[in-house]
Amino acid sequence: MSKVALRNFWFQFHKWIGLLLAIAIIPISVTGAALVWHDALDKALNPQRFAFTQTEAKLDPSAYAAAAQRVLAPGERIVSLRFAEGEPVMIAAAQPRKDGARGRPGRTVVYMDPGTAKVLDKADGNAGLVRFMHGLHGSLLVPGVGRQIVGWIGVAMTISTISGIWLWWPTVGSWLKGLRWKRHRNFDTNLHHQMGFWIALPLFVLSLTGAWISFPAFFGKLSGDVQQTRPGQPDRMAMMRAKPLPNPVTSLDQAIASSNALAPEPVTSVNWPTDLKPEWSVSKNGKTVSVDDASGAAKLDKARGERPETTARLMRRIHDGTDMGVVWQVVIFIGGILPAILAITGLIMWWRARKWRGDLAKRQRRKAAAA
């Protein structure tokens, strides 16, 4: 294949990927950019949840659990309790499953004042703008296969960045010529060329990591990651459908007291025992203590810091910016805004070229008729 033919091939490939995926790329990119600042966005949208008097928890965990239970609906059972400095105390409760319902049960989240256990807000865990944006970014709100659709879009975008660089590269002269602004007479085309070049590498990384998150089993085989599970431990999907025990044998206070013998640090989170995993899970600044509900026996799990970071976990951190520093978070934000602009400018370029070809065909027909 000649260089001209190869360039034409990449041009057609790049064009049709952009046209076919433009409608999906825009919401995925924009929501991804906004979710980089997830916590700040949540605080701006729900200020009532942060109207607390003190930033540190002053009461026993059971006091927060009792306060939350008083505002929960009948049949709702607490599944987790979380403490975080500078944030409200959060308790999540499983909603009763409707007859014949499948998948993960709904969640109700109760937000409380750390100093007084006063309930600040109660909300459906699957409702709200931030939750909507998570669903739109991760699955386009398509049930069942939405995650796979987003994954394939990530694959297509990964290839599109490569083809975009090929098309950006000047056919004659140094690559530095490609950095000049006026490569074309139209503003949108110059904007497309410039933004496409500067965002190509970050967009390649974000697209690849997004595909990695959507297809963990496939990429796990390539990277050699093996899912770590203990013998007899239910898989992740089963855990999502687990039901909290209605009447645990060991109380919350007893579970925390048992955990203190192995880890005396302050509690950061507690997970209630379920029908699939009948044990309390008490986290304390990176340490996790499991307390058997039937016997109250405690055992110290491997500390989080001692666990080797898998490639899959690294890909997720790179993709959403967790613990990656503010510079990379800004890059992710820009990497979410610019693809939306690239999609719009690409559509404008395609429509103008289509109109130009239509006008050219009309002029040729008029010349042929006149002849």
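Are any residues in the stretch 77-92 assigned to a strand (DSSP E or B) and free of Cβ contacts under 8 Å to residues at least 60 places away in the same chain, and if so, which ones?
Scanning the stretch 77-92 gives Val89, Met90, Ile91, Ala92.
If you take the residues of the stretch 131-145 that are part of a helix (DSSP H, G or I) and more than 17 Å from His319 (Cβ to Cβ), which of them is modelled with the highest pLDDT?
Phe132
Kindly list the number of the only condition in (1) open to solvent by 50 Å² or more (accessible area, probe 1.4 Å); (2) in a loop (DSSP other than H, G, I, E, B); (3) within 28 Å of Ile28 (Cα to Cα) that fails for Pro105.
Failed condition: (1).
Go through (1) over 22 Å from Thr268 (Cβ atoms); (2) exposed (fewer than 14 other Cβ atoms within 10 Å of the Cβ) one by one and return the number of the condition Glu85 breaks.
(1)
Could you say which residue among Lys277, Lys355, Lys299 is touching a strand residue (DSSP E or B) at 6+ places or on another chain (Cβ under 9 Å), of a type in the set (D, E, K, R) and open to solvent by 60 Å² or more (accessible area, probe 1.4 Å)?
The match here is Lys299.
Residue by residue, here is whether (1) among the acidic types (Asp, Glu); (2) under 30 Å from Val71 (Cα atoms); (3) part of a loop (DSSP other than H, G, I, E, B); (4) open to solvent by less than 90 Å² (accessible area, probe 1.4 Å) holds:
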site: Trp152; (1), (2), (3), (4): no, no, no, no
site: Leu176; (1), (2), (3), (4): no, no, no, no
site: Trp181; (1), (2), (3), (4): no, no, yes, no
site: His192; (1), (2), (3), (4): no, no, no, yes
site: Gly196; (1), (2), (3), (4): no, no, no, yes
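Quick check, is Lys15 in contact (Cβ under 8 Å) with a residue 40 or more places away in the chain and either in contact with a Pro (Cβ under 6 Å, 6 or more places away or on another chain) or surrounded by fewer than 19 Cβ atoms within 10 Å (Cβ to Cβ) (or both)?
Taking the combined requirement at face value, the residue satisfies it.
Test of understanding: among Pro96, Pro74, which residue is modelled with pLDDT of 90 or more, part of a loop (DSSP other than H, G, I, E, B), surrounded by fewer than 17 Cβ atoms within 10 Å (Cβ to Cβ) and not polar (S, T, N, Q)?
Residue meeting the stated conditions: Pro74.
Could you give every pair whose Cβ atoms fall below 9 Å, whose first residue belongs to the stretch 292-304 and is under 17 Å from Thr274 (Cβ atoms), and whose second residue is open to solvent by 60 Å² or more (accessible area, probe 1.4 Å) and modelled with pLDDT under 90, counting only separations of at least 6 or pairs across chains?
Every condition considered, the pairs that remain are Asp301/Lys287.
Restricting attention to the stretch 124-136, report how many residues are touching a residue at least 40 places away in the same chain (Cβ under 8 Å) and open to solvent by less than 40 Å² (accessible area, probe 1.4 Å).
Qualifying residue count, the stretch 124-136: 3.
With closer than 18 Å to Gly138 by Cα, among the small types (Gly, Ala, Ser) and either assigned to a loop (DSSP other than H, G, I, E, B) or over 17 Å from the mean Cα position of the chain (by Cα) (or both) as the only criterion, which of Ala294, Ala312, Ala340 stands out?
Every option except Ala340 fails the conditions.
Out of the residues in the stretch 267-276 that are assigned to a loop (DSSP other than H, G, I, E, B) and at pLDDT 90 or above, state the one that is nearest to Ala294 (Cα to Cα).
Taking the stretch 267-276 first, the residues assigned to a loop (DSSP other than H, G, I, E, B) are 267-268, 272-273, 275-276.
Imposing the further condition that a residue be at pLDDT 90 or above reduces the set to 267-268, 272-273.
Working: Val267: 22, Thr268: 23, Trp272: 13, Pro273: 10 Å.
Within the stretch 267-276, the match that is nearest to Ala294 (Cα to Cα) is Pro273.
Within the stretch 221-266, track down each residue that is open to solvent by less than 40 Å² (accessible area, probe 1.4 Å), in a loop (DSSP other than H, G, I, E, B) and either closer than 25 Å to Lys58 by Cα or modelled with pLDDT of 70 or more (or both).
Hits for the stretch 221-266 are Ala242, Thr250, Ala263.
From the set of residues in the stretch 49-71 that are touching an Asp or Glu at 6+ places or on another chain (Cβ under 7 Å) and in a helix (DSSP H, G or I), which is surrounded by the most Cβ atoms within 10 Å (Cβ to Cβ)?
Filtering the stretch 49-71 for residues that are touching an Asp or Glu at 6+ places or on another chain (Cβ under 7 Å) and in a helix (DSSP H, G or I), the one surrounded by the most Cβ atoms within 10 Å (Cβ to Cβ) comes out as Arg49.
The values are calculated or read from the model by the stated rules, or taken from the named source; none is laboratory data. These numbers come from a predicted model, not from an experiment. Glycine also receives a Cβ, built like all others from the backbone with ideal geometry; neighbour counts cover every protein chain displayed. Side chains are part of the model used for accessible areas, which takes the heavy atoms of the whole protein and leaves out ligands, DNA and RNA. Shrake-Rupley method; radii C 1.70, N 1.55, O 1.52, S 1.80 Å.
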